[in-house]
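Some notes on the structure that comes next.
The values are calculated or read from the model by the stated rules, or taken from the named source; none is laboratory data. Keep in mind the model is a prediction, meaning the values are calculated, not measured. Neighbour counts run over all protein chains shown; Cβ positions are idealised from the backbone, glycine included. When the accessible area is computed, the model is the full protein with side chains, heavy atoms only, and any ligands, DNA or RNA have been set aside. Shrake-Rupley method; radii C 1.70, N 1.55, O 1.52, S 1.80 Å.
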Amino acid sequence: MDRRSFIKGLAAAAACAASCRARFAHAIGERSRLSIAALAQGGRLEPRPTALRRLLFEVGRRTSIAAAFEPARVDLASPDLFLHPFLFWSGAAGFDPIPERDVLRLRRYISAGGFLLADSAQENGDDFIDSVKREMRRAFPVLPVQPLPPEHVVYKSFYMLRGATGRVQKSDRLEGITVDERTAIVLSTNDLGGAWARDNLGNWEHMVIPGGEAQRELAFRLGTNIVMYALCVDYKDDQVHIPFVLKRRKR
Amino acid sequence: MSPPLPPGGGVAFNAWGVELLTPFGPVLAAAAAFLAIAGLALSLRGLHTFLLGWQRAALAVLRTAAVLAALAVFLEPAVVYKKVSRVRSRVAVLADTSSSMALPASAGGPTRGDVVAAWTRRSAGDLQELSARYVLSYHTFDADVRQVAADAAAQAAASPAGRGTDVLRAIDAVAGGEVPLSAIIVLTDGADRADLVRAFDGSSGAFRDPVSGFLRNLGAPVHVFIPGSDAAAPDVAVSSLSVPHVAFTGVETDLGAIISAGGFGGAEIPVTLRSGGQVIQTRTVRIAPGRPEQRVAFSLTPSKAAAGVVSVSAPVLSSDVEPENNTAHAVLRVVRDRTRVLQVAGGPSWDVRFLRQFLKKSPGVDLISFFILRTLESQVNAPDDELSLIPFPTDEVFRGHIETFDVVVFQDFNFSPYGMHGYLPGLARFVENGGGLLVVGGNRSLSTGEYRASAIDHVLPVTLGAGDSAVSTDAFQPVLTAAGEVHPVTALGADPAGCRALWRNTPAMNGLNVAAAVRVGASVLLAHPFLKSGDQPAPLLAVREHGRGRVAVLMTDESWRFEFSEAAFGESRLYRLFYDGMLRWLAGDPAFERVRVDDAITADPGAPPALRGAVRGADFRPVPEAAVRVSLRPTDDRVSAGAAGGPPSLEGSTGPDGRFALPAAGVPPGAYAAELTVTKNGAEIARASREIIIDTRDPEKTVPHPNIALMKALAAASGGAVHFVPKDSLSSLRLPDRAREVVDKKEHRPLWDRAWIIPALCLTLAAEWFLRRRWGQQ
């Protein structure tokens, strides 16, 4: 390659980069991208503050979802709560009951179409998840927390998965609360955030045990599936039936 | 006993009696009398036996006299003088003056009205005799009731012209009143068209409640005099055709007709159901003797969603006196049982999720979704067998089944990377043929997609630009336009003010696909507050009609905030109302048709026959002063054969409110396909096709024979009987006499009001006391 060719190539690459950037500029707005809001209830520190940014990156890289670059942060009393239909509630310890007003707002948030993923960062014990379940019982007294069976759409909404995983492997199943035919609240005890967390230098922040990097990949796949389920709900179930629907119409 | 002298004053009293004027009421009076008599009896029993007989008798007389005097003071007896008169009960005579009485009473004979009028005149002697025993009142009735003089009733019966027959209303009008009713005499053919016939169960020959209860409690027999004889004039008629309010494609629909065949007892009559002129079914009806009406049931499975005319007809038999009533028409509205929606999304997003949830939850929607879950650039880190992605049957849906959908939604979708350009001409044809297309904006849609200069570009209500000016990422508050206040997609409030208030509080939108311009004929319903597309406000929502279909573009992917962000302030109906209106408009809901035409031209009392309807513009505002022309093509063989001078056409113009009434006098009755063309200032602004019925016949004359079964049931329910005119006469009637006596005037003369009665009471008591003591008693 001579100097002139190199300069032409460089100019073409620059033009392409500018074009790609212009394409992003054509986006209808950053606020219309999928954002996930970390629920910082009661001012408690997030145990996995870098996890969501990495999950959003992976979702954007692996799927057609236009994901935001940075997660938001809200609490249940925040006026911005109803700008973010996806909440990620991570904790490493149990907590005291939240105010009644916040319980009512949580109920309204979920009933209006919001989605909540609660993830325990505890390696031992289930204090955080138990506290979350206690609050869910207050918000939805008649709706039970149930294990999500292997045939649940969340395990096949994008990747075909056999069960739940995370930084640790405490349970093979996610749990959830189904509201109006939609699993609107998903509970994980396996520290998904721990598997996703990566620092600014590109290093994974936590070891994944016992499966190592293969298990971390599965944790990203599960995270992608959960995001996909939140946005598509039972789309996958419907898609299976389309040939039958079309045949029925032919008749 | 002769009464005391009556009071003066010149009143001729003819009866008298005794009454008690005591103010204490009958109970206290009786109690006082009982106590007084009981006390007297005890006191007499207690007289000592050693008194001489005449002494005991004297005391008994004194005590009795004292008690009677006390009772007289307490009870205040008086003589009452009365003037009593005898009030005769009533007999009401009801003469039917509806136009069915102008039909012949027998084949080739005088009209029913003439028969009744002549019979009434001949019955003058019988009526005179009745009037000696009863108070006769005369009334004429059709749909209304009027009291008339005796001679006027016969005159009115001879010239019947009333629209409608309501026998029950006429009976109800004469049933009340102070004077008791002995009987109701009804002179009618029984061709009732109101509540009486509706409550009649032909199979049991009885009425359903509340009519049954009303007749049972009437308290007077109804005697019906029917002109003609029990042998009805021979006629076959389809007296009614009932169709459901709405039918669904692919769903079997029941229709019912009542075949009336008076004079053809025992005959078997083939009855045919036609739809759009095609024979659907034929049923054979056997007319049982004495049961001239038979119900026949049909079933039909519509294949096409449209309003069409169905007809039931019976053949014209020899000696059939009225061939015109052998066919009945009705408009059957057929709709899809569910609105079929195809939702294609360029990728999962909240906008996609909320719209899908809305569509899935809508009970009237059959949804197929197609979401692109990964792009060509996606790095999934897994082989295909570890992915759950199922290939969407794109070719089958877009080429083989696109016509089976009512609405297609492209949501933030760029078709270019997936090689779908080949399907776009078919999608444009889908719209031209009547389909609905909604294009929702977003990162991959409209100008940021590749819609510009595509095969569906020309169907959109906006033209698309390119470059950075094609999007705006600034938040803005949508503005409802004047067109949006009246268009069914956005006119969500009860009135324009309510509609404006509903939209004023919407959450801010965070981005807009900016159109280059709005196409001519399109309407902008929601707009950006200050950005422009050409010389108009930049549309957020624009709609237009293209061909026979409808297209809407929503130039953002933020409408989900109408549902979710609004929930922060409580439950919001905006999102559901908005998309419900959008879906119904896109699917061509008949309620949103711009050209509305009545299904039928019927005989309207007091007004010439006319085809009525209304025209609204593409912006759904009424179109005044538009020329409306309707070409009518008969779909009824009978009309085609009888029509002369080519297919008729109707013409007229709309009024200030967009309504029109096109005179239709002289158009033969029957079923027609109507082609409407609306022009304004020489330009065509709307076109529509409908099937309509023209039936300007007098409904009173559709069933020419008397309804004897109905009248027999009426008479039986009230204790009366059916008679035939002129064979039967009034003299044979045995009517109950419910006359009663009425006291016109009465006066009292008190018996106790004498000056001596108190001293007499005192003297009697004193004498009894004196003698008792003198004779050694306590």
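Let's see how each residue does on (1) of a type in the set (A, V, I, L, M); (2) in the same structural domain as B:Glu403 (by TED's automatic domain parsing); (3) open to solvent by 50 Å² or more (accessible area, probe 1.4 Å); (4) under 48 Å from the mean Cα position of the chain (by Cα):
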position	(1), (2), (3), (4)
B:Leu446	yes, yes, no, no
B:Gly465	no, yes, no, no
B:Ala470	yes, yes, no, no
B:Leu492	yes, yes, no, yes
B:Pro507	no, yes, no, yes
B:Gly511	no, yes, no, no
B:Val518	yes, yes, no, yes
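Out of the residues in the range A:85-126 meeting the condition of being within 11 Å of another protein chain (Cβ to nearest Cβ) and assigned to a loop (DSSP other than H, G, I, E, B), tell me which one is surrounded by the most Cβ atoms within 10 Å (Cβ to Cβ). Out of the qualifying residues, it is A:Pro85.
For the range B:704-737, give me each residue that is among the charged types (D, E, K, R) and either open to solvent by less than 10 Å² (accessible area, probe 1.4 Å) or in a loop (DSSP other than H, G, I, E, B) (or both).
B:Lys727, B:Asp728, B:Arg734, B:Asp737
Hey, which of the strands (runs of 3 or more DSSP E) in the range B:525-639, taking only ones fully inside, have at least 1 residues that are within 14 Å of chain A (Cβ to nearest Cβ) and on the phi > 0 side of the Ramachandran plot? Filter on the range B:525-639 gives an empty set.
In summary, B:Trp752 fulfils each of the numbered conditions (1) in the same structural domain as B:Leu51 (by TED's automatic domain parsing); (2) surrounded by 15 or more Cβ atoms within 10 Å (Cβ to Cβ); (3) not in a loop (DSSP other than H, G, I, E, B) with the single exception of condition (3). Of all the residues in the range B:140-163, those that are surrounded by fewer than 20 Cβ atoms within 10 Å (Cβ to Cβ) and closer than 27 Å to B:Gly219 by Cα number 8.
Report whether or not B:Val279 is hydrophobic (A, V, I, L, M, F, W, C) and surrounded by 17 or more Cβ atoms within 10 Å (Cβ to Cβ). No.
Yes or no, residue by residue, for (1) closer than 22 Å to A:Thr63 by Cβ; (2) at pLDDT below 95; (3) within 14 Å of chain B (Cβ to nearest Cβ); (4) assigned to a loop (DSSP other than H, G, I, E, B):
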| site | (1), (2), (3), (4) |
| --- | --- |
| A:Ser157 | yes, yes, yes, yes |
| A:Leu161 | yes, yes, yes, yes |
| A:Lys170 | no, yes, no, yes |
| A:Ile177 | no, no, no, no |
| A:Thr183 | yes, no, yes, no |
| A:Val186 | yes, no, no, no |
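Which is facing chain B (nearest Cβ under 10 Å) and modelled with pLDDT of 90 or more, of A:Ile36, A:Ile65, A:Ile28?
The match here is A:Ile65.
Looking only at residues in the range B:10-29 that are part of a helix (DSSP H, G or I) and open to solvent by less than 60 Å² (accessible area, probe 1.4 Å), the one that is farthest from B:Trp769 (Cα to Cα) is B:Gly25. Looking across the range B:353-396 at every residue that is in contact (Cβ under 8 Å) with a residue 60 or more places away in the chain and facing chain A (nearest Cβ under 8 Å), the one that is farthest from the chain's Cα centre (by Cα) is identified as B:Arg353. May I ask you to verify whether A:Phe82 is without any contact (Cβ under 8 Å) to a residue 40 or more places away in the chain, among the aromatic types (Phe, Trp, Tyr) and either loosely packed, with under 15 Cβ neighbours inside 10 Å or within 13 Å of chain B (Cβ to nearest Cβ) (or both)? Criteria met by A:Phe82.
If only residues of the range B:361-404 that are buried (at least 19 other Cβ atoms within 10 Å of the Cβ) and over 25 Å from A:Arg182 (Cβ atoms) are counted, the one that is modelled with the lowest pLDDT is B:Val397. Taken over the range A:132-147, the criterion of being touching a residue at least 24 places away in the same chain (Cβ under 8 Å) and open to solvent by 10 Å² or more (accessible area, probe 1.4 Å) is satisfied by A:Lys133, A:Arg134, A:Arg138, A:Phe140, A:Leu143, A:Pro144, A:Val145, A:Gln146, A:Pro147.
Number of residues in the range B:42-70 that are in a helix (DSSP H, G or I) and over 26 Å from B:Pro759 (Cβ atoms) equals 3. Scan the range B:422-444 for residues that are open to solvent by 40 Å² or more (accessible area, probe 1.4 Å) and closer than 13 Å to B:Phe398 by Cα and the total you get is 3.
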